[in-house]
1. Here are some conditions: (1) modelled with pLDDT of 95 or more; (2) exposed (fewer than 10 other Cβ atoms within 10 Å of the Cβ). Residue 20 meets all but one. Which one does it not meet?
2. Surrounded by 10 or more Cβ atoms within 10 Å (Cβ to Cβ) and modelled with pLDDT of 70 or more: is that true of residue 57 in this structure?
């Protein structure tokens with residue numbers, strides 16, 4: 001009952017000879033194209049600088065704290081739900 005059932009083997013011939021290629025064009029010798037030179041890095045004076053004011057820093061810290069608290073609350077509530085479900089199944 002649990003033994004595998006294999007399909008019958010194919011009746012096609014084992015190998016079919018491939019037709020010989022017929023040259024209908026002359027080969028062209030292509031030389032490899034040179035890779036373009038890498039671009040020079042921009043000088044440091046052209047790069048925009050990020051300036052953090054005390055208000056911006058406070059907003060970033062507050063936003064990060066809020067994200068950590070929300071994610072932590074979600075994870076703790078999921079863990080609590082799993083624990084309560086496990087206890088109720090164990091009691092029943």
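1. The one condition residue 20 does not meet is (1).
2. Working: surrounded by 10 or more Cβ atoms within 10 Å (Cβ to Cβ): yes; modelled with pLDDT of 70 or more: yes.
In short, yes.
The values are calculated or read from the model by the stated rules, or taken from the named source; none is laboratory data. Treat the numbers as computed from the prediction; the structure is a model and nothing was measured. Neighbour counts are summed over all protein chains in view; Cβ atoms, including those assigned to glycine, are modelled from backbone coordinates with ideal geometry.
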